[in-house]
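The values are calculated or read from the model by the stated rules, or taken from the named source; none is laboratory data. This is a predicted model, so every value here is computed, not measured. For neighbour counting, all protein chains shown are included, and Cβ atoms are generated from backbone atoms with ideal geometry for every residue, glycine included. With ligands, DNA and RNA removed, areas are computed over all heavy atoms of the protein, side chains included. Shrake-Rupley method; radii C 1.70, N 1.55, O 1.52, S 1.80 Å.
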Amino acid sequence: MSGRTDSSNAMWGGRFAEGPASVMREINASIGFDKRMWRQDIQGSRAHAAMLGAQGIIAAGDAEAIDAGLEQIAAEYADAGVPEDARLEDIHMHVEARLAEVIGPAAGRLHTARSRNDQVATDFRLWVRDAIDEIDTALAAFQSVLIGRAEEHAETVMPGFTHLQSAQPVTLGHHLMAYFEMIHRDRGRFEDARERLNECPLGSAALAGTGFPIDRFAVAEELGFERPTDNSLDAVSDRDFALEFLFAAATCAMHLSRLAEEIILWASQPFGFVALSDAWSTGSSIMPQKRNPDAAELVRGHAGRIQGCLVALMTTMKGLPLAYSKDMQDDKVPVFEAHDLLTLSIAAMTGMIGSVTFRRDRMLHAAEAGFSTATDLADWLVREAGIPFREAHHIVGSAVKLAEQDGKPLDALSLDQLQAIDPRIDGRVFGVLSVGASVASRTSHGGTAPAQVRARIADAKAAIGMGDE
């Protein structure tokens, strides 16, 4: 068997006497994944056809017929999906072939003054722009949930950790608002990427522009772009916008993974800080007592896959000369995969945080058990007794050692015990040794004191346009 088709591709086959080998047809076809861009492809084609008609490059009647045909195809695809034919390679050829069936020979005029190179670059930018808008909406909803739970727990005391060791007491509201800040930066990265991608490649043609008197500014405006791209070579070969999207997605997924890891830890019996709802946990097939944080674990796992998508596309692009190369057909799969995984992860974290039960008693007990007010004692010695911090640090270490030997928190030590360590300590010290007093004292801007947490929550509500209920 020769593995050849009996006819060449009608879209590009004039140069070829025979069709491609079956394996070539399979490796060359991208319709299996780029069909996701059918809305953007039709949107771009309608704008291009309207411009060709307005410029007198094609007859007004042909432009009108093309637009009506594209509108019909959009309705068909919305109703029944995109049929796949590997011989037609990609979404662009599928639309054009169907258009020829619908309106006849006038369909052939649609491709005037454009190439699949600038067409796919435009479609892909439109798709990524839509994806960013979708993700931004989801992240805003997640921020609203974080704010709501933080406000609910503005005074809930928990241990703050460094090296996963109890460090200083903080409030749960303060802890949750740390993730608000991460997501705020993520939204900014997506916004920056959206601003940079919002230039229209259509009209760059294959790589050198076109001799037809097209109006690229009109097409850019019609498609919601800020402007047309300024260099045709760069326009068809650039995928920075996809890489920026993937970087923002990978960073956001990393932040979600950090929170997921904390939920996993907090849900374990040694911590017991949270109880997951039935909707966001699973059971064991063999151990009936188990409640597994599977959704959080999958969010954590998705972060690795999304980071892999970024590395995959960067590796694809790193050695490509100008302008377009077929390697770039593989640009869409990692972007689509990252989008799907990230939107799923955001939805899962929004649901988990919104429904989780935070166990105040366990958090408070853990904060009290870890000598987390040691720094407060050191600060008091510096502030009230005039002791240099390094000396105060040594004194507090002795106090912690004594409390550890007695099996009690620092604020349960007697004044006699503390004065035996250093006689400069007096009864005022007990005003800072409890975890509640420690948390309340951290009133610097951005600190963990409940008043500061509520102030930052008010700022956050204003930043995302979230009014008080």
Debye intensity ratio in log₁₀ form over the Cα atoms of segment 117-359, taken at each q of 0.13 Å⁻¹: -0.83
Cα-centred dipole magnitude for segment 22-112, charges only on beta-carbon of K, R (+1) and D, E (-1), debye, nearest 20: 160 debye
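Can you give the calculated 222 nm mean residue ellipticity of the chain, where each DSSP H run of n ≥ 4 adds -39,500 (n - 2.57) and the sum is split over every residue, rounded to the nearest 500 deg cm²/dmol?
The helix-only estimate for the chain comes to -20000 deg cm²/dmol at 222 nm.
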Helix 60-80 axis, angle to the chain major axis (alpha carbon atoms, nearest 10°): 50 degrees
In Å, descending, principal axis extents of the Cα set of the chain: 99, 52, 45
Whole-number D in µm²/s for segment 299-454 (Stokes-Einstein; Kirkwood sum over Cα pairs; 37 °C, 0.692 mPa s): 161 µm²/s
Cut-off under 5 Å, modelled amide H: who pairs with Ala59 long-range: none
Helix axis angle, 38-54 relative to the chain longest principal axis, alpha carbon, degrees: 50 degrees
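Relative contact order for the chain using alpha-carbon pairs under 8 Å, separation at least 6, rounded to a whole percent?
Details: 670 pairs, mean separation 72.8, N = 469.
Worked out over the chain, it gives 16 percent.
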Helix 116-152 vs. the chain, principal-axis angle (Cα, 0 to 90°, nearest 10): 20 degrees
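Keeping all protein chains in place and using 1.4 angstrom, which order do Leu207, Leu139 fall into by accessible surface area, from largest down? Show your work: numbers first, answer last.
Numbers: Leu207 80, Leu139 0 Å².
Per-residue accessible area, sorted high to low, gives Leu207, Leu139.
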Accessible area (Å², 1.4 Å probe, nearest 10) - Thr350: 30 Å²
Arg428 accessible area, 1.4 Å probe, all protein chains in place, Å² to nearest 10: 130 Å²
Carbon + sulfur, % of accessible area of the chain - ligands and nucleic acids excluded, 1.4 Å: 52 percent
Relative contact order (%) - segment 367-464, alpha-carbon pairs under 8 angstrom, separation at least six: 26 percent
Fraction in percent of alpha-carbon pairs per bin - 10 Å, segment 187-272: 16, 31, 21, 13, 9, 7, 2, 0
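Roughly how compact is segment 367-464, stated as its Cα Rg over 2.2 N^0.38 Å to two decimals?
Numbers: Rg = 15.6 Å, N = 98, 2.2 N^0.38 = 12.6 Å.
For segment 367-464, the normalised Cα radius of gyration comes out at 1.24.
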Charge dipole (the chain, unit charges on Cβ, about Cα centre) - positive-most of Gly319, Pro334, Leu259: Leu259
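About the Cα centre of the chain, how large is the charge dipole given +1 on each Lys and Arg Cβ and -1 on each Asp and Glu Cβ? Please answer in debye to the nearest 20.
Roughly 960 debye for the chain.
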Accessible area per residue in Å² at 1.4 Å probe, computed on the chain: 47 Å²
Largest-first ordering by accessible area, 1.4 Å probe, given options Trp280, Trp38: Trp280, Trp38
Met466 - accessible surface, heavy atoms, 1.4 Å probe, Å² rounded to 10: 50 Å²
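Order the following by accessible area, largest value first: Arg129, Arg424. Probe radius 1.4 Å; ligands, DNA and RNA are ignored.
Details: Arg129 20, Arg424 105 Å².
Highest to lowest solvent-accessible surface, that is Arg424, Arg129.
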